[in-house]
Amino acid sequence: MKFPTVEWFEALEKQAEKNSDTFRRLGFCEAAVGVKVLAAENGQTRDRSFLLTFNSYSCNSVEEVDNIEQAADFVMEANFGTWKEMIENITANGGADLSHTLNYLVMPGVPMKVTSHDQLKDDVFSRFISTFQEFFDGAQHVETEFSG
């Protein structure tokens with residue numbers, strides 16, 4: 001399955017459904033999550049942005065959008081190489097190691113950033129980070145092809 005595509009994120013959504021007990025233990029999550037893959041290092045001609053909608057105990061929808069900053073509560077933004085390294089690490093280790101978790105990758109001086117158009121919505125990332133990490137850790141079960 002190619003990354004970054006709607007189909008790849010939908011495959012993560014299906015993995016989350018298979019792992020629903022874990023998401024129930026993590027608790028209720030309501031968030032519009034933006035994922036932005038910057039057009040660098042993979043021959044893409046433009047940035048790609050995806051809106052992941054979490055409601056209740058799972059991700060309910062995935063769509064590619066143009067104006068992600070206005071559609072999402074917050075946006076996780078990184079270049080293609082950073083996303084690729086994170087996904088490869090998750091696959092190799094059965095989940096992210098400490099230097100490839102979302103929590104680590106958004107620290108100052110590290111290559112991913114989280115932005116929001118609303119300071120109150122910016123807190124959504126921190127509040128539900130365990131849910132988002134578990135969602136991305138589902139990549140260990142998705143055969144991923146990295147291309148533009």
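Structure above, values below:
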quantity: Members of region 5-22 found to be polar (S, T, N, Q), part of a helix (DSSP H, G or I) and crowded, with 16+ Cβ neighbours inside 10 Å, listed by number; calculated: Gln15
quantity: Residue in region 55-87 that is nearest to Leu12 (Cα to Cα), counting only those that are in contact (Cβ under 8 Å) with a residue 24 or more places away in the chain and of a type in the set (D, E, K, R); calculated: Glu63
quantity: Residue count for region 45-97, restricted to those that are among the hydrophobic types (A, V, I, L, M, F, W, C) and either surrounded by fewer than 20 Cβ atoms within 10 Å (Cβ to Cβ) or assigned to a strand (DSSP E or B) (or both); calculated: 13
quantity: Failed item, numbered, when Ser49 is tested on (1) touching a Lys or Arg at 6+ places or on another chain (Cβ under 8 Å); (2) without any contact (Cβ under 8 Å) to a residue 24 or more places away in the chain; (3) among the hydroxyl-bearing types (Ser, Thr, Tyr); calculated: (2)
quantity: Residue within region 120-130 that is farther than 21 Å from Cys59 by Cα, in a helix (DSSP H, G or I) and among the polar types (S, T, N, Q) present; calculated: no
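Bear in mind these aren't lab numbers, they're just calculated from the coordinates by the rules spelled out. Owing to the predicted nature of the structure, the values given are computational and were not obtained by experimental measurement. Glycine also receives a Cβ, built like all others from the backbone with ideal geometry; neighbour counts cover every protein chain displayed.
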